[in-house]
Every structure is written in C-alpha cells, then in structure tokens.
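S.K.: Take this structure first; my questions come after.
Bear in mind that the values in this text are calculations on the coordinates, not laboratory data. Just so it is clear, the model here is predicted, and its values are computed rather than measured. FYI the Cβ positions are ideal-geometry reconstructions off the backbone, even for glycines, and counts take in every protein chain you see.
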Amino acid sequence: MTEVLSKYLPEYSVQPCFELIKTHHVHLKIVNERLTRHGDYRKDAQGFHLITVNASLNKYRFLMTLIHEIAHLVAFEKYGRNIKPHGDEWKLTFQRMMVPFIRPEIFPSQLLPLLARHFRNPKASSDTDATLSLALKQFDPLNDKNYIFEIPYGSTFRIHNGKIFKKVALRLKRYECLEISSGRIYLFNPNAEVELLPN
C-alpha cells in the first residue's frame, strides 16, 4: 500500500497517511477524474469505510483530499451521523488532522502560509479558496485551460459540459458571465478553469 501511496503523495506524508488508513480501516480507491469532486467518503452496507480520491490530483491536493475524506469518517464516528457533513465538528476534525502535515518537509514553503490561513476555517472544498486553489494549480500538469480571471472581458469560453459563455463583469469576488444560448447570467469563481474560444 505504501508503494501505491508514494506515487500520489509527498514523500514524508506517505507513512502517516498509511497509518491513518490502517487505524481507521479505510478501503481506499484511487479513481479516474470526476469533474464534480476530488474525492468522497461513504460507509457501505457491510460497515466498510470507502474513500475514493481522483488519481489526476497533484500530490499536495491529493494529500488534502485524502485527509478531508478521512476527517468525515472520524467526525461521524466521534460525533454521530447527525452532524452536518461540513459543519463545525468536521472542520475541527479536519484542522486537527491536517496540522501535522503543514510543514516544510511535506508542502513547498510558498504554500505553507496559504494553508495555515485556509485551515483556520476550512471550507467544504479547497477550490472555494481562490488564492490557495491558484497556488496549488501550479503543481498540476500543464493543460490548455485558462482561469476566468485571466481572460479578457467580452471573450467567449466553453466549460466542461460544453456550454458557452461570454465574460461580462466583475461582481465583488466573482465574474458575471452570459450564457450564450439562454441569455442568463451566471457567476463564476475567479479560479474556474475554462476553454477560451477564438472571437
């Protein structure tokens, strides 16, 4: 198992992650990319703890996702099944479980202050923290996507489901974009990845 984990995790996080997997009897499945989520946790009918994590994640995002999902398991076992999935109990559990990993042997130094800030009040997805998401993105393999914040106003772009939009305006922290086919306005986070289309 440590051999498999070493392909996906930073070197000094492999052993502690393996210990967490063993201690909590996790059945870990590394799966092909899903656009809607980085990972998930569920307990099956036989009582097994099943965690899936996307294989396409860079090693730092993979580590955060794995701990995020194990924190669901630990929070449910400690506080009961009636807690909110990303409520206070989960946040506290996730913070406590991540602290031992937020150190320079595991994460690059430029990520450490961003992680420290993020884990003061972790969100359901690290993607909603645009600054951290952009910083993590630099460790992804190169692709042909752009971020919404990078493309000029008035340009058109396509999202993963094929819908086409035009970037219109900035509203507080998110961008107003016009869906071409319906004429409706949608809001996008600045770190949304899109395919820029020729005008």
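S.K.: Output wanted: per-residue J couplings in Hz (rounded whole) for the stretch 95-103, from phi through Karplus 6.51 cos²θ - 1.76 cosθ + 1.60, θ = phi - 60°, x for Gly and Pro.
M.R.: In residue order, the calculated couplings are 4, 4, 6, 7, 3, x, 8, 7, 8 Hz.
S.K.: Pop out the ³J(HN,Hα) list for the stretch 2-16 in order, Karplus 6.51 cos²θ - 1.76 cosθ + 1.60 with θ = phi - 60°, rounded to Hz; leave Gly and Pro as x.
M.R.: Calculated HN-Hα couplings, in order: 5, 5, 5, 4, 5, 6, 10, 10, x, 3, 7, 9, 4, 5, x Hz.
S.K.: Calculated FRET efficiency, N146 and Q46, Cβ-Cβ r, R0 45 Å, to nearest 0.05? List each step's numbers first, then the result.
M.R.: Details: r = 45 Å, r/R0 = 0.99.
The formula returns an efficiency of 0.50 here.
S.K.: Continuing with the same structure: Using only helices, what value at 222 nm comes out for the chain when you add -39,500 (n - 2.57) per DSSP H run of length 4 or more and divide by the total residues, to the nearest 500 deg cm²/dmol? Write down the numbers at each step before the final one.
M.R.: Numbers: 6 runs with 64 residues, N = 199.
Counting only the DSSP helices, I get -9500 deg cm²/dmol.
S.K.: Between the stretch 179-199 and the stretch 81-146, how many Å separate their Cα centres?
M.R.: Going from one Cα centre to the other spans 26 Å.
S.K.: Can you give the relative contact order of the chain as a percent, counting alpha carbon pairs under 8 Å and 6+ residues apart?
M.R.: On the way: 278 pairs, mean separation 26.5, N = 199.
The value is 13 percent.
S.K.: Pick out which of L172, L114, L57 has the largest mean-square fluctuation in a Gaussian network model of the chain, springs linking Cα atoms closer than 10 Å.
M.R.: L172
S.K.: Here's a follow-up. Cut-off 10 angstrom, C-alpha nodes, Gaussian network model of the chain. Which of I164, I51, I106 fluctuates the most?
M.R.: I164
S.K.: Select from L92, L132, L187 the residue whose mean-square fluctuation is largest in a Gaussian network model of the chain (Cα-Cα springs shorter than 10 Å).
M.R.: Ranking L92, L132, L187 by mean-square fluctuation puts L187 first.
S.K.: Greater than 22 Å separation of Cα atoms is the criterion. Which listed pairs, K84/K123; K29/K145; K59/K167; K78/K123; K59/K173; K84/K137, meet it? Write down the numbers at each step before the final one.
M.R.: On the way: K84/K123 13 Å; K29/K145 27 Å; K59/K167 32 Å; K78/K123 20 Å; K59/K173 28 Å; K84/K137 29 Å.
K29/K145; K59/K167; K59/K173; K84/K137, as the Cα separations exceed 22 Å there.
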